Amino acid sequence: MVATDDEEIAQVALKYGAKVPFLRSNENANDIATLADVIDEVKKAYVEIVQKYEYACCILPTAPLITVQSLITAYHILLEKNVDSVRPLIRFSYPIQRALKMKDGKIEVFYSEYLNTRSQDLVSAYHDAGQFYWMKFESGLRGKNKFGFEISEVQAQDIDSEDDWKLAELKYYLCNDINLQINQKNT
């Protein structure tokens, strides 16, 4: 099922076998609508046509490096841990406790209390990979019991710019080259 407000995208989705039961509302097709808002709208539309599900998965179109294995892993976590939602996470490559801010070229630290702490002693921080979300249909993304699992930074690239596209291509070739090498060793 594809959720869009764009007729052209809807036609392409239909051409390739997806369902587009409705176009997204103006309210949920703008730059300030949250993903949770969009999912709530989709869930409501399905309930109105008397289709309710136990689970749902939202796959974002700006994340081309999703793997089947990650989808399966997240689904199993959703079932086994009995959580409201599951998503892939990426560890920040540098401790966020040492983040800097800059104003007119002058830098300041965000957290001065960590200036002399060894980086290996700082707690790891993660960010949402922005690829997909498995969730219980009832709670959607608004549920409080959220779970994540770590994936490699090479396994994800959100595409919002031309540079993002280039990075996605590099990561794609890198991942496929690694997979090719592993498969060749196993044969």
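Nothing in this text is a laboratory measurement; each read-out follows from the coordinates by a stated rule. Just so you know, these numbers come straight off a predicted model, no measurement behind them. Cβ: placed from backbone, ideal geometry, glycine included. Neighbour counts: every protein chain shown.
How high is the FRET efficiency between ASP160 and HIS76 when r is their beta carbon distance and R₀ equals 35 Å, given to the nearest 0.05? Before the final figure, lay out each step's value.
Details: r = 30 Å, r/R0 = 0.86.
Computed FRET efficiency for ASP160 and HIS76: 0.70.
Near LYS81, which aspartates and glutamates are there with a Cα under 18 Å away, not counting those fewer than 8 places off in the same chain?
Straight-distance partners of LYS81: GLU54, GLU138, GLU150.
Hey, what's the per residue convex hull volume over the C-alpha atoms of the stretch 73-163, in cubic angstrom? Please list the in-between numbers first.
On the way: hull volume 14.9 nm³, N = 91.
Spelled out: Cα convex hull of the stretch 73-163, divided by residues, is 164 Å³.
Among ASP128, ASP5, rank each residue by its count of other Cβ atoms within 10 Å, from fewest to most, as a rough exposure measure. Please report the intermediate quantities before stating the final value.
Details: ASP128 13, ASP5 16.
Lowest to highest Cβ neighbour count: ASP128, ASP5.
With +1 assigned to the C-beta of every Lys and Arg and -1 to the C-beta of every Asp and Glu, and no other charges, what is the dipole magnitude of the chain about the Cα centre in debye, to the nearest 20?
In debye, rounded to 20, the chain gives about 680.
Pull up the cross-link candidates among the aspartates and glutamates for LYS15, meaning alpha carbon to alpha carbon under 15 Å and not fewer than 8 places away within one chain.
Reachable aspartates and glutamates: ASP6, GLU7.
Return the subset of LYS101/LYS136; LYS44/LYS146; LYS19/LYS171; LYS44/LYS101; LYS101/LYS171 for which the Cα-Cα distance in this structure is over 32 Å, preserving the input order. The partial results should precede the final answer.
Numbers: LYS101/LYS136 38 Å; LYS44/LYS146 21 Å; LYS19/LYS171 30 Å; LYS44/LYS101 42 Å; LYS101/LYS171 29 Å.
Result: LYS101/LYS136; LYS44/LYS101 exceed 32 Å.
Just tell me the longest site-free run in the chain, where the sites are trypsin sites (Lys or Arg not before Pro) in a DSSP loop having at most 12 other beta-carbon atoms within 10 Å. List each step's numbers first, then the result.
Working: sites that count: LYS19, LYS52, ARG118, LYS144.
With a cap of 12 other Cβ atoms within 10 Å, the longest stretch comes to 53-117.
Label points 7 Å out from Cα along the Cβ direction at PHE149 and ALA18: separation in nm?
The answer from the label model is 2.4 nm.
By how many nm would the segment from MET102 to LEU174 grow when fully extended, if each residue of separation counts as 0.36 nm and the alpha-carbon distance is taken off?
That works out to 22.6 nm of additional length.
On full extension of the chain, what length is gained from ASP5 through VAL47, given 0.36 nm per residue of separation minus the C-alpha to C-alpha distance? Mind dumping the intermediate values first?
Working: separation 42, 0.36 × 42 = 15.12 nm, distance 1.96 nm.
13.2 nm is the gain from fully extending ASP5 to VAL47.
Charges on Cβ only, +1 for Lys and Arg, -1 for Asp and Glu, centred on the Cα centroid of the stretch 53-186; of VAL154, LEU170, LEU79, which one is farthest towards the dipole's positive end?
In the stretch 53-186, that residue is LEU79.
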